[in-house]
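Encoded as structure tokens, the structure appears first; notes follow it.
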Amino acid sequence: MGDGVDYRSTWPEMEGVRLAFFPVGSLEQHGPHLPVGTDGIIAEAIARELSRRFHPSFLFPMLPVSASFEHFGFPGSFSLRVPTIYAYVKDLVDSMEYQGIRRCVIVNGHGGNHLLRNIVQELNIPKPKLLLVPSQKHWNAAYQDAGLSHTTSQDMHAGEGETSLLLYLTSEGTVREEHIRDVDSPGRPLLETLGMKAYTSTGTIGFPAKASQEKGKKLFHALMESISGTVEEFLKATD
């Protein structure tokens, strides 16, 4: 246990660091009640806590924009193209290896970043060095452990889970509670073709009215326990 080093550290404090945590967020609408940087807030909080738990390690600055094309029907949604994200991650990994950082955990805050799975698979050849978290398994287990009302599929975007996390992780007023509105949209067969706008008029798919700070605390800590176990497995397997 201990505090990780980050961009505020000096180079002597970087000596001997062989593990890094790299949070990836997004800039996309999260309904009328959550900030467009919600995914980044969550990813950075998880990555910072992991960096504290797995000391010594380096916490990279968050990548604030990723692939959010499915949200383009709403203002406040921005994206990097797939080749741009690939080049960014590849360059970062190359730079890490030059610095002697042999392993990196990418903490992905945006579920729509499907491309990251393929990038990690490719860059792990010939030698495994990257781990991508949290997985859907982590989220599902954390939802259950925290006692949330619906599944992650039903509560897909800006719902009970994300709203609870923001109530726990951010200061009062960040969540615009007066604008919360539940949207039940269980059937989304053409989501990746038509985008979110075809299935929700508010940008929300889920049940933010059921959110609470206490649920956010339970959800965050359940996520941390589940993810930490996977990180430990990764470190043992790549030692």
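For L34, what accessible area in Å² do you get when you roll a 1.4 Å probe over the heavy atoms of the protein chains, rounding to the nearest 10?
About 10 Å², rounded to the nearest 10.
Between I125 and L194, what is the spin-label point distance in nm, taking each point 7 Å from the Cα along the Cα→C-beta axis?
The modelled label-to-label distance comes out at 3.7 nm.
Per residue of segment 67-72, in order, report the coupling 6.51 cos²θ - 1.76 cosθ + 1.60 (Karplus, θ = phi - 60°) as ³J(HN,Hα) in whole Hz, putting x for Gly and Pro.
Here the 3J(HN,Hα) series is 9, 10, 4, 5, 9, 5 Hz.
Are any of the pairs K137/K215; K90/K137; K90/K236; K129/K215; K137/K217 more than 29 Å apart by Cα-Cα distance, and if so, which? Don't skip to the end; give the middle numbers.
Details: K137/K215 19 Å; K90/K137 26 Å; K90/K236 24 Å; K129/K215 34 Å; K137/K217 19 Å.
Too far apart for the 29 Å limit: K129/K215.
Using the basic label-point model (7 angstrom from Cα toward the beta carbon), what is the E172 to T238 distance in nanometres?
Distance between the two pseudo-spin positions: 4.2 nm.
Considering only protein heavy atoms, what is the solvent-accessible area of T38 at a probe of 1.4 Å, reported in Å² to the nearest 10?
That residue has around 0 Å² of solvent-accessible surface.
Run the numbers on segment 149-239 and let me know its relative contact order in percent, using alpha-carbon pairs under 8 Å that are six or more apart.
Values: 108 pairs, mean separation 38.0, N = 91.
For segment 149-239, the relative contact order is 42 percent.
Let me test this: with uniform point scatterers at the alpha carbons of segment 110-239, what is the Debye-based log₁₀ I(q)/I(0) at q = 0.22 1/Å?
These q points yield log10 I(q)/I(0) values of -1.26.
How large is the direction-averaged shadow of the alpha-carbon convex hull of segment 132-200, in nm²? If you can, show how the numbers build up before the last one.
Values: hull surface 23.6 nm².
Quarter of the Cα hull surface area: 5.9 nm².
From the phi of every residue in segment 44-52, what ³J(HN,Hα) in whole Hz does the Karplus formula 6.51 cos²θ - 1.76 cosθ + 1.60 yield, where θ is phi - 60° and glycine or proline is x?
5, 5, 5, 5, 5, 5, 4, 5, 5
I want the local charge near L116. Using Cβ-Cβ distances under 13 Å, sum +1 for each Lys or Arg and -1 for each Asp or Glu among the other residues.
Working: positive: K90, R117; negative: D39, E122.
Taking every Cβ under 13 Å from that of L116, the sum is 0.
Got a number for carbon plus sulfur as a percent of the chain's accessible area, 1.4 Å probe?
Working: 6200 of 11760 Å².
Roughly 53 percent, rounded to a whole number.
Just the Kirkwood number for segment 50-174, please: inverse of mean 1/r across all distinct Cα pairs, in Å, one decimal.
Values: mean 1/r = 0.0600 Å⁻¹.
It is 16.7 Å.
Expressed as a rounded percentage, what relative contact order does segment 1-145 have, with Cα pairs under 8 Å and six or more residues apart?
Working: 256 pairs, mean separation 39.9, N = 145.
Once normalised by length, the contact order is 28 percent.
So, for segment 159-239, what is the accessible surface per residue at a probe of 1.4 Å, expressed in square angstrom? Each step should come with its number before you reach the end.
Details: 4270 Å² over 81 residues.
Using a 1.4 Å probe on heavy atoms only, each residue of segment 159-239 averages 53 Å².
Keeping all protein chains in place, calculate the accessible area per residue for segment 57-108 (probe 1.4 angstrom), answer in Å². If you can, show how the numbers build up before the last one.
Numbers: 2490 Å² over 52 residues.
On a per-residue basis, 48 Å².
Say we join alpha carbon atoms closer than 10 Å with springs in a Gaussian network model of the chain; which of P35, P189, P134 then has the biggest fluctuation?
In this elastic network of the chain, the residue with the biggest mean-square fluctuation among P35, P189, P134 is P189.
With every protein chain left in place and a probe of 1.4 Å, what is the accessible surface of E122, to the nearest 10 Å²?
100
How large is the helix-only mean residue ellipticity at 222 nm for the chain, computed as the sum of -39500 (n - 2.57) over DSSP H runs with n ≥ 4, divided by its residue count, in deg cm²/dmol to the nearest 500? Intermediate values should be presented prior to the final figure.
Working: 8 runs with 97 residues, N = 239.
Counting only the DSSP helices, I get -12500 deg cm²/dmol.
The values are calculated or read from the model by the stated rules, or taken from the named source; none is laboratory data. All figures in this text were calculated on a predicted structure; none of them were measured in a lab. Here the Cβ is made from the backbone with ideal geometry for all residues, glycine too, and neighbour counts use every protein chain on show. SASA here: full protein model, heavy atoms, side chains in, ligands and nucleic acids out. Shrake-Rupley method; radii C 1.70, N 1.55, O 1.52, S 1.80 Å.
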